[in-house]
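Working notes, structure below.
The values are calculated or read from the model by the stated rules, or taken from the named source; none is laboratory data. Source: prediction; values computed, not measured. All Cβ positions, even for glycine, are placed from backbone atoms using ideal geometry, and neighbour counts span all protein chains on display.
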Amino acid sequence: MNNFLMTFHNIWNAKELRKKIIITLNFLLIYRFGAYIPLPGINPLGILDFMENINSGSRGLMQILSSFTGGAFNRASILALGIMPYISASIIIQLMCIIIPYLQRLQRDGENGKRQINFITRWLTLGICLIQAPLYLISLTQQFIPFSYSSSNTYLLDINTFYGRTLFWIIGIVILTSGTLFTIWLGDKITDEGIGNGISLIIMSGIIARFPDAVFKEIFNKLKIGNGGLIFLLLEFFLWLLVILFSIVIIQAIRKIPVQYVSHYKSLGYSSEFIQNKKHQYIPLKMTAAGVMPIIFSQAIMLFPLTFSDYVHNEKVKNFFHLFQDVYGLWYNLTFSILVIIFTFFYTAITIPVNQIADDLKRNGGHIPRIRPGKETAEYIDSILSKITLPGSILLAIIAILPSIVFRLGITQNFSLFYGGTSLLIIVGVILDIIQQVDIYLLNYYYDDLMMMKTHSSGRYTFSRKK
């Protein structure tokens, strides 16, 4: 506790770091405020009333789709699309960089190439928004909140007329697209002027926004049982802490491949003998190099049966889709876990260029001990990567289906989402990244103090802390 208070005191004393944190919190507050502003023509009270009366299957689908927007999706908010169109565009561009030679050249072009790829990603995001916005409005007006539903005046516009319906659609598409672009701008401002990665922080803020309500509902549900409920509640939170520790271990786990760099020849006095000065380093290969992307890919595929089952008229196809409509069922989670394992290998293969790593090592005078530079080095790195990716993919699949497992064990639907899956991995990953950046700022700010104490203890000269 004393260390925590001391760290907080050090953060507050570091003026630049304090300013960055305040700026970050202000931008996140703006984003959270926008998540509660409904689309023009939508009555928010009607939305709440409708959500209380829909069936559990539709409610479960709405919760999955709104997991990255902090509830903006099921509130019909102006930020209902959130940051996901940008994430989708980034994934597409990342895949296209493997296929298209022009994008490959841009990737190798340093900072200038990075800016051009970012520019292309923004335009692709705009195109995806213009596709997703109408699809969202179709789902909103036909599946989730049909136009025919009028018991609570959900729609403030007169949508029974052609003019009212057309106006609703035009305004909805423009505002949903603008909302996503505004969210990207907020993320960029956080990255430039705040602390941490802005896009990741926005996603995390949307996930955490649902956490207090989920905890309160879980506590209330267990306390209704009586004394036994309190014991179960304590066991649930203990298990939840173990899952968090398990996630941290998975995210932080790396396999170090030792590397030697031959720098220069060093003379031994007047002797004609020379020795090689070798600097020992290592290549860190993460066990879950793909991060949460395999889970996101798999969820996107598993949403197809849930989204389009109502529009299929073929009975055989409809019955097949029906097997995957229960997000807590056996077939859904079995297929989901298999997809996570497959996509983990796929995404790791396309994001870690082993041939390029081997070429860079050879070009910079580095080599792996007892492994020849070039092709053998690439094969060795690839074999190590495959060996650590297999357990990593299985552990990712376990975390992905943990919410369904604990839900079957009696934990409420809202709180079960924080027992694993994308939500928990994103929260843990972003918090670890922020802690690392804060430590770097503090180390830089108090560097002279550390040097002063060290040199004072050794009897040398001292430094004064820079202001």
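Computed values, structure above
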quantity	calculated
Phe320 being over 26 Å from the mean Cα position of the chain (by Cα), in the same structural domain as Val249 (by TED's automatic domain parsing) and assigned to a helix (DSSP H, G or I)	yes
Hits in the stretch 206-218 (condition: buried (at least 19 other Cβ atoms within 10 Å of the Cβ) and of a type in the set (Gly, Ala, Ser))	Gly206
Qualifying positions in the stretch 182-217 - without any contact (Cβ under 8 Å) to a residue 12 or more places away in the chain and aromatic (Phe, Trp, Tyr)	Trp185, Phe216
Residues satisfying the stated conditions in the stretch 285-302, i.e. in a helix (DSSP H, G or I) and either surrounded by fewer than 22 Cβ atoms within 10 Å (Cβ to Cβ) or within 13 Å of the chain's Cα centre (by Cα) (or both)	Met293, Pro294, Ile295, Ile296, Phe297, Gln299, Ala300, Ile301, Met302
Selection status of Phe274, closer than 28 Å to Leu339 by Cα, over 20 Å from the mean Cα position of the chain (by Cα), outside the structural domain of Pro85 (by TED's automatic domain parsing) and at pLDDT below 80	no
Wholly enclosed helices (runs of 4 or more DSSP H) of the stretch 48-161 bearing at least 3 residues at pLDDT 70 or above and surrounded by 14 or more Cβ atoms within 10 Å (Cβ to Cβ)	84-99, 101-107, 110-139
Test result for Gln260, surrounded by 15 or more Cβ atoms within 10 Å (Cβ to Cβ) and modelled with pLDDT under 80	no
Subset of the stretch 363-407 (residues that are buried (at least 16 other Cβ atoms within 10 Å of the Cβ), modelled with pLDDT of 85 or more and over 29 Å from the mean Cα position of the chain (by Cα))	Ile368, Ile371, Pro373, Thr377, Ala378, Tyr380
